[in-house]
Amino acid sequence: MPKINGNEIRPGNVLEHNGGLWAAVKVDHVKPGKGGAFAQVELRNLRNGSKLNERFRSADKVERVRLEQKDQQFLYESDGMLVFMDTESYEQVELPAEILGERRPFLQDGMIVQIEYHEAEALNATLPQKVTCKVVETEPVVKGQTAANSFKPALLDCGVRVMVPPFVGQDEDIVVNTETMEYSERA
(Lines give C-alpha, C1' and ligand atoms only; values in the text may rest on other atoms or scores of the structure.)
Protein backbone atom coordinates (compact mmCIF):
# COMPACT_ATOMS: atom_id res chain seq x y z
CA MET A 1 0.00 0.00 0.00
CA PRO A 2 1.27 3.51 -0.79
CA LYS A 3 2.60 5.67 2.01
CA ILE A 4 1.87 9.39 1.87
CA ASN A 5 3.20 12.37 3.83
CA GLY A 6 1.10 13.83 6.64
CA ASN A 7 0.49 17.05 4.68
CA GLU A 8 -0.93 15.11 1.69
CA ILE A 9 -4.00 13.82 3.60
CA ARG A 10 -7.27 14.97 2.02
CA PRO A 11 -10.89 14.60 3.21
CA GLY A 12 -12.24 11.24 2.05
CA ASN A 13 -8.86 9.48 2.19
CA VAL A 14 -8.86 6.13 3.99
CA LEU A 15 -5.80 5.60 6.20
CA GLU A 16 -4.41 2.70 8.16
CA HIS A 17 -3.59 4.21 11.56
CA ASN A 18 -3.15 2.66 15.03
CA GLY A 19 -4.09 -0.76 13.66
CA GLY A 20 -7.48 0.35 12.28
CA LEU A 21 -9.02 1.77 9.12
CA TRP A 22 -9.90 5.46 9.41
CA ALA A 23 -11.56 7.88 6.96
CA ALA A 24 -10.37 11.49 6.99
CA VAL A 25 -13.48 13.60 7.62
CA LYS A 26 -11.96 17.07 8.03
CA VAL A 27 -8.42 18.30 7.37
CA ASP A 28 -7.04 21.66 8.57
CA HIS A 29 -3.52 22.71 7.60
CA VAL A 30 -2.00 24.74 10.45
CA LYS A 31 1.18 26.82 10.27
CA PRO A 32 1.95 28.12 13.74
CA GLY A 33 4.33 31.06 14.20
CA LYS A 34 6.78 28.84 16.06
CA GLY A 35 7.59 25.28 14.98
CA GLY A 36 6.75 23.34 11.86
CA ALA A 37 3.48 23.15 9.96
CA PHE A 38 1.12 20.23 10.51
CA ALA A 39 -2.23 18.86 9.41
CA GLN A 40 -4.97 18.61 12.05
CA VAL A 41 -7.09 15.67 10.85
CA GLU A 42 -10.48 14.50 12.14
CA LEU A 43 -10.70 10.73 11.57
CA ARG A 44 -13.70 8.37 11.71
CA ASN A 45 -13.21 4.65 12.28
CA LEU A 46 -14.78 2.66 9.43
CA ARG A 47 -15.45 -0.40 11.60
CA ASN A 48 -17.06 1.09 14.72
CA GLY A 49 -17.73 4.76 13.83
CA SER A 50 -15.62 6.27 16.64
CA LYS A 51 -13.91 9.61 16.01
CA LEU A 52 -10.35 10.73 16.63
CA ASN A 53 -8.44 14.00 16.19
CA GLU A 54 -4.82 13.50 15.16
CA ARG A 55 -1.90 15.75 14.19
CA PHE A 56 0.32 14.75 11.28
CA ARG A 57 3.54 16.60 10.51
CA SER A 58 4.78 16.67 6.91
CA ALA A 59 7.58 14.24 7.85
CA ASP A 60 5.08 11.67 9.22
CA LYS A 61 4.31 8.81 6.85
CA VAL A 62 0.81 7.28 6.86
CA GLU A 63 -0.47 4.36 4.84
CA ARG A 64 -3.26 5.23 2.44
CA VAL A 65 -5.69 2.39 1.76
CA ARG A 66 -7.61 2.04 -1.49
CA LEU A 67 -11.08 0.60 -1.04
CA GLU A 68 -12.64 -1.51 -3.76
CA GLN A 69 -16.04 -0.16 -4.81
CA LYS A 70 -18.81 -2.43 -6.08
CA ASP A 71 -22.34 -1.57 -7.16
CA GLN A 72 -24.81 -3.79 -5.34
CA GLN A 73 -28.59 -4.04 -5.23
CA PHE A 74 -30.56 -3.47 -2.01
CA LEU A 75 -32.84 -6.44 -1.27
CA TYR A 76 -34.42 -6.05 2.19
CA GLU A 77 -33.90 -5.12 5.84
CA SER A 78 -34.10 -7.59 8.73
CA ASP A 79 -33.26 -7.08 12.42
CA GLY A 80 -31.51 -3.75 11.78
CA MET A 81 -29.32 -5.23 9.03
CA LEU A 82 -29.53 -4.17 5.37
CA VAL A 83 -29.04 -6.99 2.86
CA PHE A 84 -27.36 -6.19 -0.47
CA MET A 85 -26.70 -8.50 -3.43
CA ASP A 86 -23.89 -8.46 -6.01
CA THR A 87 -25.72 -8.39 -9.36
CA GLU A 88 -22.98 -10.44 -11.09
CA SER A 89 -22.12 -13.18 -8.58
CA TYR A 90 -25.45 -13.07 -6.63
CA GLU A 91 -23.49 -13.09 -3.34
CA GLN A 92 -25.24 -11.33 -0.48
CA VAL A 93 -23.70 -9.05 2.14
CA GLU A 94 -25.22 -7.58 5.33
CA LEU A 95 -24.44 -4.14 6.72
CA PRO A 96 -25.92 -2.42 9.80
CA ALA A 97 -28.70 0.09 8.99
CA GLU A 98 -26.88 2.81 11.01
CA ILE A 99 -24.20 2.94 8.30
CA LEU A 100 -26.48 5.20 6.19
CA GLY A 101 -27.36 7.47 9.14
CA GLU A 102 -29.98 10.11 8.34
CA ARG A 103 -30.02 9.07 4.66
CA ARG A 104 -31.58 5.67 5.54
CA PRO A 105 -35.17 6.69 4.53
CA PHE A 106 -34.02 7.31 0.93
CA LEU A 107 -33.02 3.66 0.46
CA GLN A 108 -35.62 2.01 -1.82
CA ASP A 109 -36.21 -1.64 -2.79
CA GLY A 110 -34.02 -2.68 -5.73
CA MET A 111 -31.86 0.47 -5.51
CA ILE A 112 -28.25 0.15 -6.71
CA VAL A 113 -25.91 1.24 -3.90
CA GLN A 114 -22.10 1.56 -3.95
CA ILE A 115 -20.50 -0.69 -1.30
CA GLU A 116 -16.85 -0.14 -0.34
CA TYR A 117 -14.73 -3.19 0.48
CA HIS A 118 -11.35 -3.68 2.11
CA GLU A 119 -10.05 -7.23 1.51
CA ALA A 120 -13.55 -8.77 1.17
CA GLU A 121 -14.87 -6.91 4.28
CA ALA A 122 -17.79 -4.57 3.52
CA LEU A 123 -17.16 -1.27 5.32
CA ASN A 124 -19.33 1.48 3.86
CA ALA A 125 -22.38 2.10 1.66
CA THR A 126 -23.07 5.18 -0.47
CA LEU A 127 -26.50 6.00 -1.89
CA PRO A 128 -26.91 7.44 -5.39
CA GLN A 129 -26.53 11.23 -5.33
CA LYS A 130 -30.10 11.83 -6.58
CA VAL A 131 -33.25 9.92 -5.60
CA THR A 132 -36.81 10.36 -6.90
CA CYS A 133 -39.51 10.71 -4.22
CA LYS A 134 -43.22 11.56 -4.23
CA VAL A 135 -44.61 14.55 -2.32
CA VAL A 136 -47.42 13.24 -0.09
CA GLU A 137 -48.22 16.44 1.79
CA THR A 138 -47.56 20.14 1.14
CA GLU A 139 -49.33 23.49 1.33
CA PRO A 140 -51.35 24.59 -1.73
CA VAL A 141 -49.93 27.25 -4.04
CA VAL A 142 -50.74 30.80 -2.90
CA LYS A 143 -51.16 33.12 -5.87
CA GLY A 144 -48.62 35.96 -6.00
CA GLN A 145 -46.03 34.23 -3.80
CA THR A 146 -43.83 33.23 -6.72
CA ALA A 147 -41.96 36.56 -7.00
CA ALA A 148 -39.70 36.05 -3.98
CA ASN A 149 -37.38 33.08 -3.70
CA SER A 150 -39.56 31.33 -1.13
CA PHE A 151 -39.76 27.67 -0.18
CA LYS A 152 -42.46 25.69 1.62
CA PRO A 153 -42.22 22.48 3.68
CA ALA A 154 -43.21 19.17 2.07
CA LEU A 155 -43.49 15.63 3.42
CA LEU A 156 -42.15 12.90 1.12
CA ASP A 157 -43.37 9.29 0.75
CA CYS A 158 -40.22 8.09 2.59
CA GLY A 159 -41.12 10.17 5.67
CA VAL A 160 -38.50 12.91 5.19
CA ARG A 161 -39.40 16.61 5.31
CA VAL A 162 -37.73 18.89 2.73
CA MET A 163 -38.24 22.46 1.58
CA VAL A 164 -39.65 22.74 -1.98
CA PRO A 165 -40.39 25.68 -4.31
CA PRO A 166 -43.99 27.03 -4.26
CA PHE A 167 -44.88 25.51 -7.68
CA VAL A 168 -44.43 21.90 -6.44
CA GLY A 169 -47.79 20.38 -5.54
CA GLN A 170 -49.04 17.28 -3.77
CA ASP A 171 -48.58 13.84 -5.50
CA GLU A 172 -45.75 15.24 -7.67
CA ASP A 173 -42.46 13.37 -8.11
CA ILE A 174 -39.35 15.37 -7.22
CA VAL A 175 -35.63 14.62 -7.25
CA VAL A 176 -33.84 14.95 -3.88
CA ASN A 177 -30.06 15.26 -3.43
CA THR A 178 -29.13 12.59 -0.83
CA GLU A 179 -25.89 14.35 0.17
CA THR A 180 -27.48 17.69 1.12
CA MET A 181 -31.00 16.23 1.72
CA GLU A 182 -32.50 19.11 -0.30
CA TYR A 183 -34.87 19.51 -3.26
CA SER A 184 -33.01 19.32 -6.56
CA GLU A 185 -35.56 19.37 -9.40
CA ARG A 186 -38.88 18.03 -10.66
CA ALA A 187 -38.81 14.43 -11.82
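The values are calculated or read from the model by the stated rules, or taken from the named source; none is laboratory data. Since the model is a prediction, treat every value here as computed from it, not as a measurement. Glycine gets a Cβ as well: all are built from the backbone with ideal geometry, and neighbour counts include every protein chain shown. Each accessible area value is taken on the protein alone, full model and side chains, heavy atoms only, with ligands, DNA and RNA left out. Shrake-Rupley method; radii C 1.70, N 1.55, O 1.52, S 1.80 Å.
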(request) Normalise the Cα radius of gyration of the chain by 2.2 N^0.38 Å (N = residues in it) and let me know the number. (result) 1.31
(request) Could you pull out every one of the lysines with an alpha carbon less than 19 Å from that of LYS152, ignoring same-chain neighbours closer than 8 positions? (result) LYS134, LYS143
(message) Run the paramagnetic zone check for LYS61: 7 angstrom along Cα to Cβ, then residues of region 1-27 with backbone nitrogen under 16 Å.
(response) 1-9, 16-18
(request) Would you work out which of HIS118, GLN92, THR132 lies farthest towards the positive end of the dipole of the chain, given +1 charges on the beta-carbon of Lys and Arg and -1 on that of Asp and Glu, about the Cα centre? (result) HIS118
(message) Taking the Cα centre as origin and putting +1 on Lys and Arg beta-carbons and -1 on Asp and Glu beta-carbons, what dipole magnitude results for region 1-55, to the nearest 20 debye?
(response) 80
(message) Give the lysines whose C-alpha is closer than 27 Å to that of LYS61, dropping any in the same chain fewer than 8 places away, or say none.
(response) LYS3, LYS26, LYS31, LYS34, LYS51
(message) Once neighbouring chains are kept in place and the probe is 1.4 Å, which whole percent of the accessible area of the chain is contributed by carbon and sulfur?
(response) 46
(message) Quick check of the Kirkwood formula: for region 39-108, what is the inverse mean of 1/r over all pairs of different Cα atoms, in Å?
(response) 15.0
(message) Could you report the accessible area of PHE151 in Å², rounded to 10, computed with a 1.4 Å probe on the protein chains as they sit in the structure?
(response) 100
(message) Report the Cα centroid-to-centroid distance between region 1-54 and region 101-143 in angstrom, as an integer.
(response) 28
(request) Report the semi-axes of the equivalent ellipsoid for region 81-187 in whole Å, largest first, where each axis is √(5λ) for an eigenvalue λ of the Cα gyration tensor. (result) 35, 12, 11
(request) Evaluate the distance, in nm, between pseudo-label points positioned 7 Å from the Cα of SER89 and of ASP173 along their respective Cα→Cβ axes. (result) 3.4
(request) Please give, to one decimal in nm, the separation of the simple spin-label points placed at LEU75 and ALA120, each 7 Å out from Cα toward the Cβ. (result) 1.8
(request) Take every Cα pair under 8 Å in region 1-101 that's 6+ residues apart, average their separations, divide by the length, and report that relative contact order as a whole percent. (result) 23
(request) When a/c is below 1.5 the answer is rounded, else prolate if a/b is larger than b/c, else oblate, so apply that to region 1-76 with a ≥ b ≥ c taken from the square roots of the Cα gyration tensor eigenvalues. (result) prolate
